[in-house]
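> Questions regarding the structure given below will be posed in turn.
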Amino acid sequence: EPERTAPNMRRLIEDENVLAVIGNVGTPTAISAIPIANEGRTLFFAPFTGAGVLRKTPPDRYVINFRASYTEETSAIVDALMEHGGLRPEEVAFFTQRDGYGDAGYAGGISALLKNGLQSDAGITHGRYERNTLAVENALADILLAEPEPKAVIMVGAYAPCAKLIQLARQLGVTALFINISFVGSAPLARVLGDKIEGVVVTQVVPHPTDISVPIVRNYLSSLNKFSKNGSPSFGGLEGYISSEILIRALRSIEGLPTRENVIDALEGMGEFDVGVGPLLYFDKTHHQASHSVWPTVLQRGRFVPFNWDEISGFLSNE
């Protein structure tokens, strides 16, 4: 909750003198936290958001990201829908949360559509809902009344309202493909939707957390088994694990005690590096985002499984 972010950040930085803040969740909270991190000259590392406000050019010295941006996620979605799905830009609609998170995802999607031939965003249906509510009915009405009928709906929201809209839409005969970006949370979304609903895609910013062909996934599963006997592998858990592995690698490169300044220098000095994700990662003084990779998953029999983008046409309705 963004109204709690500022006092908590100040307490951590000014009173508890923390070395760094890692894994902040959400865009509205990050918007509140970034000025305080910059003012306190304290690392704000691997926030759980892909918003552009954390990805300035040149970057804020104290803001360093792991994951791909929301723009990269939505661009991957739009490119796949156009190239492999054969859709026209006007056949794509949006459902977003009415805040900085939803706005960031929508802006990235519209930018990608414009690059794919969209003339104006005025021709795109955009349903919105209020943060911390399940009031999705007006947004659903916008989608139902859209002309032409949307064949894909890009969703930028929390899992509960996204699930409610998908369930209501399916009950009303909507056959569009629903595509969520990573922040939605695959596990809770799958749990709410159950094993009867299909035609739902979620983009991920890490490999599948059970894919043992990926070295860091094997390490993650081993650690999860060792330290959390009842824990279940998750995309969010793996993202936190990878981010922590990167930070630990930077800390180990520091001679003497780590400080708020030399930990930044250590991260910026990593250059190209490999933590076993698959694609190589990269940091330097002007490049504060390690990964630019996006992995697609689709809901099948109650769980999200990997697929290749060139298979997306098989999930689109021909009606």
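The values are calculated or read from the model by the stated rules, or taken from the named source; none is laboratory data. This one's a predicted model, so the numbers in the text were calculated from it and none came from an experiment. No Cβ is skipped: glycine too gets one built from the backbone with ideal geometry, and neighbour counts run over all protein chains shown. The area values use the complete protein model at the heavy-atom level, side chains included, leaving out ligands, DNA and RNA. Shrake-Rupley method; radii C 1.70, N 1.55, O 1.52, S 1.80 Å.
> Over the Cα atoms of region 270-319, what Rg and Dmax result, in angstrom?
Computed over the Cα atoms of region 270-319, radius of gyration and Dmax are 16.4, 51 Å.
> With every protein chain present, what is the per residue accessible area of the chain (1.4 Å probe, Å²)?
45 Å²
> Here is a follow-up. Could you size up the charge dipole of the chain around its Cα centre, putting +1 on the beta carbon of Lys and Arg and -1 on that of Asp and Glu, and report it in debye to the nearest 20?
Dipole of the chain, to the nearest 20 debye: 800 debye.
> May I pose another question? Quantify how much of the Cα-Cα distance distribution of the chain extends past 35 Å, in percent.
21 percent
> Let me ask you something else. Dimensions of region 73-229 along principal axes (Cα, Å, largest first)?
Computed over the Cα atoms, the extents are 53, 32, 30 Å.
> Ranking request for peptides 247-260, 98-111, 81-94, 10-23: highest mean number of other beta-carbon atoms within 10 Å first, then the rest in descending order.
Sorting 247-260, 98-111, 81-94, 10-23 by mean packing, highest first, produces 98-111, 81-94, 10-23, 247-260.
> How large are Rg and Dmax for region 153-255 when calculated on the C-alpha trace, in angstrom?
16.9, 62
> Considering just Cα atoms, how many Å³ per residue does the convex hull of region 1-160 enclose?
That works out to 116 Å³ per residue.
> Could you compute how much accessible surface VAL298 exposes when probed at 1.4 Å, giving the result in Å² to the nearest 10?
0 Å²
> Next question. Give the Kirkwood hydrodynamic radius (Å, one decimal) of region 190-319, defined as one over the mean of 1/r across all pairs of different Cα atoms.
Evaluated over region 190-319, this radius sits at 16.9 Å.
> Along the Cα-to-C-beta direction of ARG301, a point sits 7 Å from the Cα; which residues of region 192-232 have their amide N less than 13 Å from that point?
In region 192-232, the label zone of ARG301 (backbone N under 13 Å from the point 7 Å along Cα→Cβ) covers 195-196.
> Placing +1 on the Cβ of each Lys and Arg and -1 on the Cβ of each Asp and Glu in the chain, which of VAL63, CYS162, ASN230 has its Cα farthest towards the positive end of the resulting dipole?
ASN230
> Quick check on packing: order 272-278, 188-194 by the mean number of other C-beta atoms within 10 Å, highest mean leading.
188-194, 272-278
> Could you work out which residue, out of SER120, SER293, SER244, moves most in a Gaussian network model of the chain, that is, has the largest mean-square fluctuation with Cα springs under 10 Å?
For the chain, modelled as a Gaussian network with Cα springs under 10 Å, the answer is SER120.
> Moving on. At 7 Å along the Cα-to-beta-carbon direction for both GLU261 and ASN38, put a label point, then send me their distance in nm to one decimal.
A separation of 2.0 nm, rounded to one decimal place.
> I would also like to ask the following. Enumerate the residues in region 179-220 having an amide nitrogen under 13 Å from the point lying 7 Å beyond the Cα of GLU272 toward its Cβ.
Those under the cut-off are none; the list is empty.
> Can you give the charge dipole size of region 253-319 about its Cα centre, rounded to the nearest 20 debye, using +1 on the beta carbon of Lys and Arg and -1 on the beta carbon of Asp and Glu?
360 debye
> So between TYR282 and ASP310, what do we pick up on full extension, going 0.36 nm a residue minus the alpha carbon distance?
Taking 0.36 nm per residue and subtracting the Cα distance, the gain is 7.4 nm.
> Still on this structure: Please report, in debye to the nearest 20, how large the charge dipole of region 128-197 is about its Cα centre when each Lys and Arg carries +1 at its beta carbon and each Asp and Glu carries -1 there.
Dipole about the Cα centre, nearest 20: 240 debye.
> Could you look at the chain and say what percent of its accessible area is carbon and sulfur, using a 1.4 Å probe and all protein chains?
The nonpolar share, carbon plus sulfur, comes to 50 percent.
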